[in-house]
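Colleague: Let me give you the structure first, and then I'll get to my questions.
None of the figures in this text is laboratory data; all of them are computed from the coordinates on show. Quick caveat: nothing in here was measured; it's all calculated off a predicted structure. Glycine also receives a Cβ, built like all others from the backbone with ideal geometry; neighbour counts cover every protein chain displayed.
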Amino acid sequence: MLDSSGSQRYISKRLLTMDTKPKTIRSERLKYEERRYLILQAALDVFAEKGFQGAKTREIAKRAGVSETLIFRYFATKEELYRTGLKELMDQHPVADVLKEFIQKKDDEGLLMAVTRHIMSHGEEDPRFLRLAAFSALEKVSPGSEETDTGRLTVRLAQYIRQRTLDGDFIELNADIAAKSFVGSILMYILEKQTPFTGPRLKAGDEEVARTLVKLFLGGICK
């Protein structure tokens, strides 16, 4: 049995251990997340500049301020690093909850405007978004179609088009092609803003372009 002084020392020791251990765990966890974030951001910068094939992990390590060995403690391969970075970049602004209201109301114009504004804002906020998407298409290294927010959004839009076709409000057509074409037109507009290759820059603002794209799309599929 512990005497009073021994008991007090035991309790104090336990309290000290209980108090500091969680802080240590939180601190280590924070360091882990911070390093992971720095590596991913450096990787996205290099991949956006040079693509998957041209990027070197030693350059990524240098920009992140870590050793090249440390990168492979977080990510098993360069491809895993690329896929993870691309997925997290595309998932920064999930839109699924925003679309539910329009889907339930069968508000075609509202839904398509929400999709358009979402993709436009994403492309504006981070220029790496389109560059990485372009490199991914060229190099065939990217997350699966349903593994990113943009991919899931496109799949959900195709499902909506199928349902509206069954409702009798849309013409018979391939919903997957329709959804990809619509999302693709938005991405092309964002790319055109950064690098105009079809002629002079448009003088119209994003909202006017969004409404025009939606009007053209609905004009082609509505009965």
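Colleague: Mind sorting Met188, Met113, Met90, Met120 by how few other Cβ atoms lie within 10 Å of their own Cβ, fewest first? If you can, show how the numbers build up before the last one.
Modeller: Working: Met188 13, Met113 17, Met90 23, Met120 20.
If I rank by nearby Cβ atoms, fewest first, I get Met188, Met113, Met120, Met90.
Colleague: Hey, another quick one. Could you sort 150-161, 47-58 so that the peptide with the highest average Cβ count within 10 Å comes first and the rest follow in order?
Modeller: Details: 150-161: 19.5, 47-58: 16.6.
In decreasing order of mean packing, 150-161, 47-58 become 150-161, 47-58.
Colleague: A follow-up question, please. Put a dot 7 Å past each Cα toward the Cβ at Ala134 and Ser67; how far apart are the dots in nm?
Modeller: In this crude label model, Ser67 to Ala134 measures out at 3.7 nm.
Colleague: Which order do the peptides 65-71, 192-198, 82-88 come out in when sorted by mean C-beta neighbours inside 10 angstrom, highest first?
Modeller: 82-88, 65-71, 192-198
Colleague: So which of Lys78/Lys180; Lys106/Lys180; Lys56/Lys87; Lys100/Lys223; Lys50/Lys215; Lys56/Lys100 end up more than 31 Å apart by C-alpha? Write out the running numbers ahead of the final one.
Modeller: Values: Lys78/Lys180 29 Å; Lys106/Lys180 20 Å; Lys56/Lys87 19 Å; Lys100/Lys223 24 Å; Lys50/Lys215 37 Å; Lys56/Lys100 41 Å.
In this structure, Lys50/Lys215; Lys56/Lys100 lie more than 31 Å apart at Cα.
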